[in-house]
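Only the coordinates and a few stated rules stand behind these numbers; no lab work does. These numbers come from a predicted model, not from an experiment. Note that each Cβ is placed from the backbone with ideal geometry, even for glycine, and that neighbours are counted across all protein chains shown.
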């Protein structure tokens, strides 16, 4: 048997609900709710309903509005709960008066009472009943959610019924206009008109709403204090399930606040938040205008690309917050250098651009470049630390170096890189020769992306020989690229491009995997356990391999970590990039050797090596080559070897080509040599044969001299 539940009624009549509501009001049930009263005129005609708050605080206005309005249509006592709910939803009201068949007033029925007192008819299918109850509960929940959203939004919201009577306002509307909800809910919205707009203005609004359901524009509204002010108003029409107008929802945004926010958004969109200079987007826009202006007037202008030298070192050693403050100071200095008609912007990182109008004479540009360098030469003192900044500048000119933004940018960038090659504080103008160089770099960049897929890379091996025993104790892995299968490309050409384009990570991963594959073959041949393979890593490769772990790659091939040495340039280690040293220490702890390559060409010093997980020092070939003709180079090599031994490091001399070099290096105590004297880079099969061959007779070599 079905159970009758007080929360699931479908067939309560209006008479029953109204009488029950009256009973609850009399006995004081639901005292937390707002009480609602029926209002009649002196003739006994029903006028409408008011809340106790409205009747107490605004009696004159409320009752005057009730008299002026057409009273709501009465509900007959036999009407069902479903009929009542549909009517309330259509008329957007919460209360309806109920009369009996003789027209006598019975009481008020509310939507809350209807939804709270549903009980179930015994002849209703349970599934239908549950579905309907779920629908009603969902509607109630959606009403609550909508109310919470409207109350929490910062936009002022006003809702009217189809006859423009105000049904709802949120707190933001009260804050913006001064009108409390209890004061204006139920009133016609027309009282908000300021008098600034004629009837035609409002007629046009409602014509637009009728045709498209939405209108947006500026409206002057009357505030509660009698003042008028502009608002940006968006009005939407809400229709019921029959397509009839159900209500209007209006959202208000203060014009002044809107314009202020718009200005803020525009500034964020076009200006760098750190320096306050124009950003890349505004630079592109201004460059386009400069091209159009100069083309129309037949004048010339110059585009300067400026890059701060070694700024990454500042961030890595002094911190990013220090680097940001430094950029702010640099930006302020740059602002003072250009005329109002010219342009300076920060397009990202440590890169700045200048657009200098009417600069047909290169001497004008050189003069401004000197002023820029002079400004940067002045010390910058931050947090008690005195710093100096230098830069490199590349210049392209319109129309000589390009007539499009793309060409001018590319050519100025190429000139800037050439300036870096010229040295600190250099300014370089673009030339046709540079254009050829740019195209070549672009060509290499495109070809590099295809080279991995086309299997165009290979490995070469250059043996490392003990200067004491003549035995091959290791080999350095060298990358070779045979472009299109037939054209060799020098690493000096493609490695810098690979680093700039980011493809170095994928190439480095390939080199490591190939090295592991070959080392696995060497281990299968039972070679000397002390034999080690040296693999070169750039700082960018290290960043890549922190995501593709080196140790994990080695483990995949089942080879011993102690077979490997990672060769790093000294600058890579001494930059102190966050996490880099920890990463290198993890490699060292696992048994991977760490060698500093080309030592003596960077910015480190031997005393700082004790803080690093270094096992081997490689002396740059330039020092080895000049030992015979330069006494100072000979002393430097001797000092390097001596200090390295004091720190427990093994020394490898690069570029050994002559017997006399072996003699000097042995005298200084250098353990290992690498160079053409012992072997050129060879393929893997040749390396295996060399490992099977007798050791080099160093004594005989020295004797033959």
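Figures for the structure shown
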read-out: Chain lengthening between residue 695 and residue 642 when straightened (0.36 nm per residue, less Cα-Cα); value: 16.4 nm
read-out: For peptides 581-592, 431-442, sequence by mean Cβ density within 10 Å, most packed first; value: 581-592, 431-442
read-out: Shape call, the range 383-438: gyration tensor on alpha carbons, a/c limit 1.5; value: prolate
read-out: Relative contact order (%) - criterion: Cα under 8 Å, at least six apart; region: the range 206-304; value: 14
read-out: Förster-model FRET efficiency, 22 Å R0, residue 312 and residue 406, C-beta, rounded to 0.05; value: 0.25
read-out: Highest average packing first - 154-160, 443-449, Cβ atoms within 10 Å; value: 154-160, 443-449
read-out: Additional length obtainable on full extension of the chain from residue 555 to residue 523, 0.36 nm per residue less Cα span; value: 10.1 nm
read-out: Where labels lie 7 Å past Cα in the beta-carbon direction, separation of residue 421 and residue 450 in nm; value: 2.5
read-out: Net lengthening on full extension, residue 273/residue 227 (0.36 nm per residue, minus Cα-Cα); value: 12.8 nm
read-out: Value of relative contact order over the range 390-473, rounded to a whole percent, pairs C-alpha under 8 Å and six or more apart; value: 24
read-out: Protection proxy ranking of 392-399, 270-277 - average other beta-carbon atoms within 10 Å, highest first; value: 392-399, 270-277
read-out: The range 412-464 and the range 656-705: distance between their alpha carbon centers, rounded to Å; value: 34
read-out: Computed E for residue 443/residue 299 - FRET, C-beta separation, R0 35 angstrom, nearest 0.05; value: 0.55
read-out: Antiparallel bridge percentage (DSSP; both residues within the range 367-497; nearest 5); value: 85
read-out: Efficiency of FRET from Cβ geometry, residue 582 and residue 249, R₀ 35 Å, rounded to 0.05; value: 0.05
read-out: Shape category assigned to the range 297-400 from the gyration tensor of Cα positions, a/c cut at 1.5; value: prolate
